[in-house]
1. Starting at the first residue of the range 40-52, write each ³J(HN,Hα) from the Karplus equation 6.51 cos²θ - 1.76 cosθ + 1.60 with θ = phi - 60°, in whole Hz, x for Gly and Pro.
2. Please compute the length gained on full extension between residue 265 and residue 235, using 0.36 nm multiplied by the number of residues separating them and subtracting their Cα-Cα distance.
3. Please compute the length gained on full extension between residue 96 and residue 168, using 0.36 nm multiplied by the number of residues separating them and subtracting their Cα-Cα distance.
4. For residue 255 and residue 365, what does the FRET efficiency come to when R0 = 35 Å and r is the distance between their Cβ atoms, rounded to the nearest 0.05?
5. Under the classification rounded if a/c is under 1.5, otherwise prolate if a/b is larger than b/c and oblate if not, where does the range 1-100 fall, given a ≥ b ≥ c as square roots of the Cα gyration tensor eigenvalues?
6. Quick one: what are the phi-derived ³J(HN,Hα) couplings along the range 79-92, Karplus 6.51/-1.76/1.60 with θ = phi - 60°, whole Hz, x for glycine and proline?
7. Placing +1 at every Lys and Arg Cβ and -1 at every Asp and Glu Cβ, with all other atoms neutral, what dipole size does the range 64-109 have around its Cα centre, in debye to the nearest 20?
8. Please state the charge dipole magnitude for the range 31-135, taken about the Cα centre, from unit charges on C-beta atoms (+1 on K and R, -1 on D and E), reported in debye and rounded to the nearest 20.
Amino acid sequence: MRARLGRECVYVPSCRFGLYVALRHWCPPGGRVLMSPVNDDVIFFVVLAAGLRPVQAPLNPLDASIDVDAVPDEVWGSVSAVLTTNLYGNPDPAPRLRQKCDTLGIPLFEDGAHAIGSRVGDRPVGAWGEASVFSLSKHVGAKAGGMLSLADPGLREAVEKTCAGLLAPRRTSAELAYLVRPYAEAAVRGLRLRRAAWAAIRLLGLADREEIRMPLRPDELALAARETPGLDAHHPWVRVDMHDYRLEAGRLRLRRIGRGLDRLDDVLDACRAGTELLLATPWAKPRDTYGTQPLFRVPLFVADRDAVVAALARQGIVVGYLYDPPLDDYAGAEFTDPSPAPEAARWFARHALPVDPLRARAAAEVLERSGARPVRAPGEEELPRSRPTPGGLEQSRD
């Protein structure tokens, strides 16, 4: 990761843990962080756990990146940091955000969880901010681990010391469970037992969420806010979907992560090919600015997303990484400053269909057979009637 980013990197047990460490290091409690409302709710709770106030930004409707020009001057004057999302790998406008942060004298943090392999300007995503965080659960496929990168290599020792003070001690049972998990998942897939496995997880009370967003539990969240900054009070929210997020890594875990990193370039090459295919379909809205950057998931835009998700599920293609509703609609003004221009985020959250580029052709065929209708973005001109798709597919755009 040092070679990829050209800066110092520290291994952390998860991306969310690394972000918490960065926020605590640079931002005194009580500060305000400008961020995207189309984001994982876990990240929202990490910001709260750090004793900070999330401030939701207006977005570009085509990729859910921060719309720098739409942020009012009074909002810029009130924030003490900016956090990018780089959703699905599409970069936020980091060069402009870097310039703005320098003018204001505030730190820029980059969430690169989806964006290993993406670039913006003349640098990779993660090489613009004071700190950036990456997930090794995504492209690396390790189901664990993250990286915290630092613009100032002299901070490495202090950051490692902070991390060490927050880690939970490693557990042999957790390491063994991590070791056997891929084989158990493969058995479930091979025996077509997904529905039975999910039902068992729910029956045992191990499911963290039933809907796209986890339950907010506002009364409990208000009580937790009295004990910030600190992870313990917000642990019920921050741990969702990754209960080992702050667990010290053992050798088995690190070995598997290392093997995944060794294969990373091959995975990214395959993702680029799939991304190019999906961006050529009638449901895509490619952006010339950054090229084929959504290497983790490619957002296609459909009129009836629930119906398309169901059609894909019938063919064994699971759609995840949906962020609907936006965080300001989800959490309300008690816990966040709402976006001054929320409609673009609402449109994106309602219509974006994130497709795994490694399943590109199969997903495109399902969309074509299901009659999925493309949808116009706010302000977009009338769509042409048809447009060829890869493999000779053609889809009406009415």
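Each reported figure results from applying straightforward, stated rules to the coordinates on display, with no laboratory input. Computed from a predicted model, the values in this text were never measured in an experiment. Counting neighbours? That spans all protein chains shown, and the Cβs are built from the backbone with ideal geometry, glycine included.
1. Once θ is set to phi - 60°, the couplings for the range 40-52 become 5, 5, 4, 5, 4, 6, 5, 4, 5, 4, 7, x, 10 Hz.
2. Numbers: separation 30, 0.36 × 30 = 10.80 nm, distance 3.42 nm.
Additional length available on full extension: 7.4 nm.
3. On the way: separation 72, 0.36 × 72 = 25.92 nm, distance 3.78 nm.
Computed gain between residue 96 and residue 168 is 22.1 nm.
4. Details: r = 38 Å, r/R0 = 1.07.
That gives a FRET efficiency of 0.40.
5. Values: a/c = 1.56, a/b = 1.18, b/c = 1.32.
Since a/c reaches 1.5 but b/c is at least a/b, the shape of the range 1-100 is classed as oblate.
6. 8, 10, 6, 10, 10, 7, 10, 6, 4, 6, x, 5, x, 5
7. Numbers: 3 positive and 6 negative charges, 38 e Å.
That gives the range 64-109 a dipole magnitude of about 180 debye.
8. Values: 7 positive and 13 negative charges, 35 e Å.
Dipole of the range 31-135, to the nearest 20 debye: 160 debye.
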